[in-house]
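Worksheet: one structure, shown below.
The values are calculated or read from the model by the stated rules, or taken from the named source; none is laboratory data. Because the structure is a prediction, the values reported are computed rather than measured. Please note: Cβ atoms are built from the backbone with ideal geometry, for glycine as well, and neighbour counts cover all protein chains shown.
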């Protein structure tokens, strides 16, 4: 057996040093690269994208998404609760004959009424249960309107019916119900309140810019775009082929560059709400020409009108029903809806899941159609 404990070796080793760290780093880096490549080949690249063509070939009109994200889909779909309706039969007891103070849905059978109430609890208040809207639920008292949540819920049921009935061209056959916005939360995410102007010591245009807000998706664009276009009825058409158009910004009918920036703010909000880019709706070389837009452009135009009506007919009038802590921090206004309230980053809410077929009671203001 060799004797490595030689008296001359330490001295020789000191005079003849060997760099072991450099080769080790090189070998380690090479091994890591090989391992990383092997993992990508085996599991697939998490950054691989897939493009959806939205316009004619060669125009660059496409929307790219990470394949891993598309495969995963909207995670809230997993928690969606649904239950098939009971087909009514002659002689079934009606809800209005069993419960007191049933101002909507009273003509439903008791079975379908309690089935829908249970679903709304799962969609809106899964932790609080019935007590979220009915203060006396533990004692069997469901009639009182002591809680504002019950009054609001009643109006929201009517809004659901109205949306499915009057705006079917936008919500489509998939429809909407409470879960579309709430997703298991008492208050839906991505509601909004009026903010403008945030600069109290400024006036005019400078008072509504250069603040990172949810409405501007953290950009410096104008933060009053939702107020103007999804609450008010201001026209978003600002495009002109002339570089300079005569007029004064003080003229309400004149489309100045401020209107253009406000439109950018709205479009940026649209894109982020649906997880798409400009070419999902527009041919970006011809924003001015509706004939070159995609069909989604018309759908978005309809959606904007729907949101305006929803806010003004149903949500804004509830201001006096809400407690102070539910109102806007600046203007004390009622919470309002916008694109992201339903879409939440997907071009179809809940990936286009049908949420109305099992709930015909929410599909119409008239008698439900049970199939």
Worksheet entry | the stretch 244-261, residues that are closer than 16 Å to residue 209 by Cα and either in contact (Cβ under 8 Å) with a residue 40 or more places away in the chain or more than 33 Å from the chain's Cα centre (by Cα) (or both) | 258, 261
Worksheet item: Which of the following residues is within 14 Å of residue 120 (Cβ to Cβ) and in contact with a helix residue (DSSP H, G or I) (Cβ under 9 Å, 6 or more places away or on another chain): 183, 154, 194?
Response: 183
Practice prompt. Note down all Cβ pairs under 8 Å where the first residue falls in the stretch 124-136 and is assigned by TED's automatic domain parsing to the domain that holds residue 177, the second is part of a strand (DSSP E or B), and they're at least six residues apart or on different chains.
Written response: 134/141; 135/141
Worksheet item: Regarding residue 241, is this residue assigned to a loop (DSSP other than H, G, I, E, B) and either under 16 Å from residue 207 (Cα atoms) or touching a strand residue (DSSP E or B) at 6+ places or on another chain (Cβ under 6 Å) (or both)?
Response: no
Worksheet item: Of all residues in the stretch 94-116, how many are surrounded by fewer than 18 Cβ atoms within 10 Å (Cβ to Cβ) and without any contact (Cβ under 8 Å) to a residue 24 or more places away in the chain?
Response: 7
Worksheet, complete the sentence: If you go through 329, 317, 368, the only one that is in a helix (DSSP H, G or I) and either farther than 29 Å from residue 73 by Cα or not assigned by TED's automatic domain parsing to the domain that holds residue 221 (or both) is 317
Discussion item. Suppose the filter is under 19 Å from residue 326 (Cα atoms) and part of a loop (DSSP other than H, G, I, E, B); does residue 145 pass it?
Written reply: yes
Practice prompt. Test residue 144 against the stated conditions and say whether it is out of contact with any helix residue (DSSP H, G or I) (no Cβ under 6 Å at 6 or more places or on another chain) and in contact (Cβ under 8 Å) with a residue 24 or more places away in the chain.
Written response: yes
Fill in: Only one of 214, 196 that is within 16 Å of the chain's Cα centre (by Cα), assigned by TED's automatic domain parsing to the domain that holds residue 325 and either part of a loop (DSSP other than H, G, I, E, B) or in contact (Cβ under 8 Å) with a residue 12 or more places away in the chain (or both)
214
Item to complete: Within the stretch 265-291, work out how many residues are in contact (Cβ under 8 Å) with a residue 12 or more places away in the chain and within 19 Å of residue 52 (Cα to Cα).
Response: 14
